Amino acid sequence: MIRAALVWLMLSAPLAAQVAEPDGFRMDHYRDPVPDTVTGGTTISPEGAYQLWQDGAAFIDVLPHAPKPANLPEGTIWRDKPRHSIPGALWLPNVGYGALAEVTADYFRRGLTNATDADPSRPVVFFCLNDCWMSWNAAKRAADWGYSAVYWFPEGTDGWTFMDYPTEQVRPMELQPSQ
């Protein structure tokens, strides 16, 4: 009886749906299940990310960041939510959207150049949170721009902290106009 119930449960449970890579960039629903792969890059586990971190790869955190609203009433206290990330990571918020304004794309390019010391063959790891399309979009975009050692860490800081790896508080890279 128990065996029959187990077989029934196994057969009736929905299989985890495979998520296909879109043809272009993901444009909405950024916190949904992600694919297992990213064209032009290599998907890595927390252990793989840790090894690349120890080896000195560049790490780019793409978690979005809400700026302080310009129209807050006088006297309103604004506190940025702290971001705890992988030590040494460069935080480039908002570069993982499917469509980027030119100023954001320039910001992303400057950040990539800084993080990789202008070497498009230097290993670079993109991450956000678990099941976050922002990191997938950023990794795909970097590969499209000619970066050849692109790594995508889909579990992001959620997977990193689950493994009890170290974190540090980071601040976003300043947005400066192109010169």
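The values are calculated or read from the model by the stated rules, or taken from the named source; none is laboratory data. Being a predicted model, the structure only gives us computed values, none of them experimental. In this analysis, Cβ positions are derived from the backbone assuming ideal geometry, glycine residues included, and neighbour counts consider all displayed protein chains. Only protein heavy atoms, including side chains, enter the accessible area calculation; ligands, DNA and RNA are left aside. Shrake-Rupley method; radii C 1.70, N 1.55, O 1.52, S 1.80 Å.
Of all residue pairs spaced 6 or more apart or on separate chains, those with beta-carbon atoms under 7 Å, a first member in region 65-76 that is within 20 Å of residue 97 (Cα to Cα) and a second member that is open to solvent by less than 90 Å² (accessible area, probe 1.4 Å) and modelled with pLDDT of 80 or more are 65/93; 65/94; 65/172. Once region 75-108 is narrowed to residues that are among the hydrophobic types (A, V, I, L, M, F, W, C) and part of a helix (DSSP H, G or I), the residue that is farthest from residue 30 (Cα to Cα) is 103. Look at (1) loosely packed, with under 12 Cβ neighbours inside 10 Å; (2) touching a Lys or Arg at 6+ places or on another chain (Cβ under 9 Å) and you find that residue 75 fails only one, number (2). Restricting attention to region 148-176, the residues that are assigned to a strand (DSSP E or B), open to solvent by 20 Å² or more (accessible area, probe 1.4 Å) and farther than 16 Å from residue 43 by Cβ total 3. Among the conditions (1) open to solvent by less than 60 Å² (accessible area, probe 1.4 Å); (2) modelled with pLDDT of 95 or more, residue 145 misses just one, which is (1). Here is the figure for region 21-48: residues that are farther than 16 Å from residue 131 by Cα and assigned to a helix (DSSP H, G or I) total 2.
Within the bounds of region 80-101, is there any residue that is β-branched (Val, Ile, Thr) and surrounded by fewer than 15 Cβ atoms within 10 Å (Cβ to Cβ)? Spell out how you get there, then give the answer.
Taking region 80-101 and keeping what is β-branched (Val, Ile, Thr), we get 86, 95.
Subsequent filtering for residues that are surrounded by fewer than 15 Cβ atoms within 10 Å (Cβ to Cβ) retains none.
No, there is no match, as no residue in region 80-101 is β-branched (Val, Ile, Thr) and surrounded by fewer than 15 Cβ atoms within 10 Å (Cβ to Cβ).
Among the residues of region 109-142, count how many are among the β-branched types (Val, Ile, Thr), open to solvent by 10 Å² or more (accessible area, probe 1.4 Å) and in a loop (DSSP other than H, G, I, E, B).
Kept after step one, since they are among the β-branched types (Val, Ile, Thr), are these residues of region 109-142: 113, 116, 124-125.
Restricting the remaining residues to those that are open to solvent by 10 Å² or more (accessible area, probe 1.4 Å) gives 113.
Narrowing the set further to residues that are in a loop (DSSP other than H, G, I, E, B) leaves none.
Total meeting the criteria: 0.
On inspection, residue 81 fails the criterion of being modelled with pLDDT under 95 and in contact with a Phe, Trp or Tyr (Cβ under 6 Å, 6 or more places away or on another chain). Only one of the numbered conditions (1) out of contact with any Leu (no Cβ under 9 Å at 6 or more places or on another chain); (2) open to solvent by 60 Å² or more (accessible area, probe 1.4 Å); (3) modelled with pLDDT of 95 or more is not met by residue 40, and that is (2).
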